[in-house]
Amino acid sequence: MSQDILEITEAASFQIKDMMKEHEEENAYLRVTINGGGCSGLSYGMGFAHEVSEDDMQFEQHGIQILVDKESVPILKGVKIDYKQSMLGGGFTIDNPNAIASCGCGSSFRTAANAGTPEEC
């Protein structure tokens with residue numbers, strides 16, 4: 001077990017567990033990834049996984065098994081994933097202290113060490 005790389009709030013964990021139940025993925029891992037793309041160069045990904053690869057770091061929060069590939073660890077260090085509910089619906093929010101720039105749509109970013117692969121909005 002490695003130390004936690006990122007933080008998932010209690011509100012986000014409730015939502016993730018609901019989604020796992022809804023999609024019959026209760027025994028799955030939550031994989032958090034960084035992908036190239038978006039108007040600022042990098043974008044986040046979250047999904048369910050059933051296998052741990054040798055490049056994965058694994059840890060647990062709020063009863064959820066989380067996987068992060070070793071390449072994404074420096075970019076995700078200190079990230080906080082929350083879930084906010086509003087009158088317009090709800091959604092996950094990601095606060096990344098490593099991001100030095102983000103796009104207007106809020107779905108992509110870049111860090112000082114990794115500019116990613118920026119695309120047109």
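See the values below:
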quantity	calculated
Pairwise centroid distance, computed over Cα atoms, of the range 1-35 with the range 48-104, Å	8
Phi-based couplings in Hz for the range 15-29 (Karplus 6.51, -1.76, 1.60; Gly and Pro marked x)	5, 4, 5, 4, 5, 4, 5, 4, 9, 6, 10, 4, 9, 7, 8
Residues with amide H under 5 Å from that of MET57, placed H, sequence gap 5 or more	VAL68, ASP69, LYS70
Note, ³J(HN,Hα) from phi for the range 72-81, Karplus 6.51, -1.76, 1.60, rounded to Hz, x at Gly and Pro	7, 3, x, 6, 8, 4, x, 5, 10, 9
Contour excess over end-to-end distance, with Cα ends at MET46 and ASP69 and 0.36 nm allotted per residue	7.1 nm
Fully extended contour minus Cα-Cα distance, from ASP4 to ASN27, at 0.36 nm per residue	6.3 nm
Residue order, fewest to most surrounding Cβ atoms within 10 angstrom, among HIS62, HIS50	HIS50, HIS62
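All of the numbers you see were taken from the coordinates with simple rules; none came from a lab. None of the values given here were measured: they were computed from a predicted structure. Methodologically, a virtual Cβ is constructed for each residue, glycine included, from the backbone with ideal geometry; neighbour enumeration extends over all protein chains shown.
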